[in-house]
1. Residue separation times 0.36 nm, minus the C-alpha to C-alpha distance between E122 and Y39: what's the value?
2. Which length gain, in nm to one decimal place, applies between C57 and N22 when the Cα-Cα distance is subtracted from 0.36 nm times their residue separation?
3. Answer rounded, prolate or oblate for region 232-347, using the Cα gyration tensor with square roots of eigenvalues a ≥ b ≥ c: rounded when a/c is under 1.5, else prolate when a/b is larger than b/c, else oblate.
4. Mind listing P(r) for region 28-98? All alpha-carbon pairs, 10 Å bins, whole percents.
5. Under a crude label model (7 Å from the Cα following the beta-carbon direction), how far is K257 from E79 in nanometres?
6. First measure r as the distance between the Cβ atoms of I94 and L284, then evaluate 1/(1 + (r/R0)^6) with R0 = 41 Å and state the FRET efficiency to the nearest 0.05.
7. Roughly how many percent of the accessible protein surface of region 260-368 is carbon and sulfur, given a 1.4 Å probe and a whole-percent answer?
8. For region 22-169, what are the per-bin percents of Cα-Cα distances with bins 10 Å wide, up to the bin holding the maximum?
Amino acid sequence: MSELDEGLRAFSSFRVLNGEDNHSEREQLFRNMAQLFSYVSDRCDDEQVAQYDEVLCQLAALVEVEARVHVAKLLAPLERAPGTVVVKLANDVIEVAKPLLEFSNVLSDDDLIDIIASQSEEHRLAIAGRTNVPERVGEAIVEHGDRSSVVRLVRNANAEFDKATLEKLVERAARDAEIAADLRNRHDIDWKSLRGEIDTVASKVLETLGDVERRLDPVAAGKINAVVYNRMRNRAGFSATEWKVAYNQVKALSDRKQLNDRALARFARFGYGHHAAAALTVMLSVAPEVFVKWLASQDYVAITVALKAASLQPDMFEAIVATLPWRDLPSEADKKMVVSRFEALDIDEAQGIFELWRAHAFRKRAVSEDRGQVVA
């Protein structure tokens with residue numbers, strides 16, 4: 001029997017879950033369960049992850065801070081971790097939350113934004129130092145954060161800022177020399193272009209940052225343009241790295257029973273293409289490699305049939321198609337053609353086609369496996 005099976009069988013007989021234990025037994029079980037999961041996380045299916053999630057959540061409420069800190073450190077580097085307990089510990093006291101806030105890729109942007117709004121400045125400080133801080137997360141820090149978290153955010157070379165956030169930062173810089181100096185040192189911001197785009201108040205304040213316009217030389221400007229282009233390209237095209245992170249975050253959302261049409265709409269609204277694709281993969285119960293193949297081959301027909309079978313509304317379908325990380329950006333003609341086909345397709349017909357495809361795919365897989373066994 002494998003260590004995974006042994007751990008899962010033990011769930012039903014643990015005395016600690018019924019309160020028939022002492023304090024040391026609870027803490028030891030909590031640590032052992034998290035350690036076991038860290039060993040087998042890449043081999044767990046959704047049901048097994050859900051079982052770990054349930055038990056770890058129950059135990060987290062029964063143990064002291066030291067044990068929760070230990071488990072948080074074990075879960076922080078995992079690519080796939082139980083979604084509910086990760087969010088629970090990330091909202092814990094900062095000693096527990098810090099490793100997750102700094103390193104866990106299981107926490108989505110929405111999770112981080114909720115924590116920024118509801119937890120302490122120390123929580124915001126940890127988030128501001130993450131390896132990657134997307135625009136929406138940075139905006140939340142600037143909105144809710146005190147000086148320490150905002151300074152750390154501005155100094156984070158991997159933090160992204162949209163125009164509205166930059167306006168707020170420029171206004172803060174007028175009152176804080178340290179923030180002003182840190183803004184000057186950011187070479188990924190095209191101050192020359194920004195001066196003509198931000199509002200009048202922020203534009204006047206921008207002048208107090210010094211002669212930033214003259215500091216831009218042609219080489220620096222070229223680097224800025226390259227950064228902007230690469231970001232645009234990454235959002236338009238498929239990225240294996242972004243897909244991996246998005247898929248695991250979507251699975252964590254599913255662990256918490258929060259993967260639904262509302263989540264899908266949020267992904268489309270904020271342009272989270274990889275998250276939208278991962279969400280559809282889980283909601284449609286198709287293999288990740290299948291959906292990735294559709295995107296790589298620009299298979300509009302497969303996507304149209306699958307999303308019609310999933311009963312998406314036309315406006316949602318149009319938003320999703322425009323958001324998905326296709327290999328190449330769909331042209332306006334492509335978008336109109338896809339929407340037209342979607343509206344013309346009958347939902348019963350789409351569901352029939354999709355189920356036939358699914359049955360064929362499973363049958364084909366079973367035959368391949370049988371052949372492999374004969375060869376072996």
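1. 26.8 nm
2. Working: separation 35, 0.36 × 35 = 12.60 nm, distance 1.80 nm.
Extending this stretch completely gives an extra 10.8 nm.
3. oblate
4. 22, 62, 16, 0
5. 2.9
6. With a Förster radius of 41 Å, E is 0.55.
7. Here it works out to 56 percent.
8. Once binned at 10 Å, the Cα pair distances of region 22-169 give 12, 40, 28, 16, 4, 0.
The values are calculated or read from the model by the stated rules, or taken from the named source; none is laboratory data. Predicted model, so just to flag it, every value in this text is computed and none were measured. Note: ideal-geometry Cβ built from the backbone for every residue, glycine included; neighbour counts use all protein chains shown. Ligands, DNA and RNA are stripped out before the accessible areas are found, and what is left, the full protein with its side chains, is counted by its heavy atoms. Shrake-Rupley method; radii C 1.70, N 1.55, O 1.52, S 1.80 Å.
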